[in-house]
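So the structure is just underneath, and the comments pick up after that.
Values quoted throughout were computed directly from the atomic coordinates according to the rules given, and no laboratory measurement underlies them. Not measured: the values here are computed from a predicted model. Quick reminder, even Gly has a Cβ in these numbers, built from the backbone with ideal geometry, and neighbours come from all protein chains shown.
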Amino acid sequence: MGKLLDGKKMANEIQSEVAHRVEELRNNNKRVPHLGIILIGEEGASHTYVNGKIKACKAVGFEYTLLQFAATITESKLLKHIERLNQDDDIDGFIVQLPLPEHISVEQIITLIDSKKDVDGFTNHNFGSIISDQPLLLPATPFGVMELLKRYQVTTKGKHCVIVGASRIVGAPMSLMMVEQGQATVTICHKFTQDLAEHTRKADILIVAVGKPGLITADMVKSDAVIIDVGITRVPDTTKKIGFRLLGDVDFENIAPKSSFITPVPGGVGPLTIASLLLNTLKAYEQQHT
Ligand code: NAP
């Protein structure tokens, strides 16, 4: 059985470090970091993620402001709110919870966010900084994966890392971070990749971020590989009080015994994404106010 990469435990460690820094600020009569959160619509998963982020802010002593809008909000109105947050000196960083309603262009929204306040690390400026000597606000989920590997002392240097999923917020920045910071050799796969298994079987480190439960089966993974499952999909489950359970993209039960390290879903990458958001908010605060 592979060693479990316990994201919850590591996220708690990071939260304690951030809380300690906030306490120092308070003791020095400084104001504390303040996170803005834009939440649009009624989608259950988005509300759950935002609640998790608010809970984390409270736990570390950050201030937060939640701006909630109906799914019918127009793109131009939303852009105005973003401009206001960009200008608000009291807000150190903010996020726009994805996904957005179809009539709103994610690209337009991301383009307008001031990169200094982009604590999700989505803007082109922050994305590009992955390959600079001084990275700025790193994309939160890949940042969380790198932290998890680092804190469990998983070697990435010289390893072959295969990433399945090439999205702007997870797969693509993950590949750059694995090259730049991880010093790994990287293969990136997407939905047009032919014979996915041929690639995944070569992975020393396999990172999967697609959103298709069961995509990666045991025969697609070599023995002793490190498995990072970023995928989160809600599947109906009448035995659960909440009516669903969360599944990752990998067949955990059959892959765990042959892996060296593996993340669970839930409790793996998810908590680290929130921890990265806290680290980025603290960094945004420090870059703007010290
Ligand atoms: P996304 O924007 O839908 O991207 C999915 C990626 O998977 C795309 O690059 C797509 O390829 C690729 N893909 C689709 N089918 C494939 C297949 N059969 N084989 C190989 N690649 C395939 O999703 P995302 O935002 O990156 O999120 C991915 C998953 O991670 C979702 O389940 C999401 O809920 C989860 N997630 C988790 C966290 C966390 O904190 N744990 C954070 C963010 C996202 P193309 O590029 O060719 O379309």
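At-a-glance table
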quantity: Which of 105, 223 has the fewest Cβ neighbours within 10 Å, and the rest in rising order; calculated: 223, 105
quantity: Net length gained if the chain between residue 84 and residue 45 were fully extended (0.36 nm per residue, minus Cα distance); calculated: 11.4 nm
quantity: Segment residue 180-residue 29, extension gain: residue separation times 0.36 nm, minus the distance between their alpha carbons; calculated: 50.6 nm
quantity: Three-way shape label, the stretch 119-200, alpha-carbon gyration tensor, a/c 1.5; calculated: oblate
quantity: 210, 145, 164 arranged by Cβ crowding within 10 Å, fewest neighbours leading; calculated: 210, 164, 145
quantity: Total charge dipole magnitude, the stretch 131-221, about the Cα centre, Cβ charges on Lys, Arg, Asp, Glu only, Debye to nearest 20; calculated: 100 debye
quantity: Two-site FRET efficiency, residue 202 against residue 167, from Cβ-Cβ distance with R₀ of 30 Å, rounded to 0.05; calculated: 0.85
quantity: Three-way shape label, the stretch 22-116, alpha-carbon gyration tensor, a/c 1.5; calculated: oblate
quantity: Most positive-pole-ward Cα, 115, 68, 99, against dipole of the stretch 22-116 from beta carbon charges; calculated: 68
quantity: Within straight-line cross-link reach of residue 3, lysines at Cα separation under 26 Å, skipping those fewer than 8 residues along the same chain; calculated: 150, 157, 159, 202, 212, 222, 258
quantity: Length added when fully stretched, residue 218-residue 102, from 0.36 nm per residue minus Cα-Cα; calculated: 38.2 nm
quantity: Partners for residue 30 among lysines (Cα-Cα distance below 18 Å; same-chain residues under 8 apart left out); calculated: 58, 283
quantity: Angstrom value of the Kirkwood radius, inverse mean 1/r, which spans all Cα pairs in the stretch 140-269; calculated: 14.7 Å
quantity: Sequence of 116, 55, 241, 202 once ranked by neighbouring C-beta atoms within 10 Å, starting from the fewest; calculated: 241, 55, 202, 116
quantity: Antiparallel %, DSSP beta bridges [both residues in the chain], to 5; calculated: 10 percent
quantity: Dipole-positive endmost among 235, 187, 200 within the stretch 140-269 (Cβ charges, Cα centre); calculated: 235
quantity: Cα centre as origin, Lys/Arg/Asp/Glu Cβ charges: the stretch 211-273 dipole, Debye; calculated: 260 debye
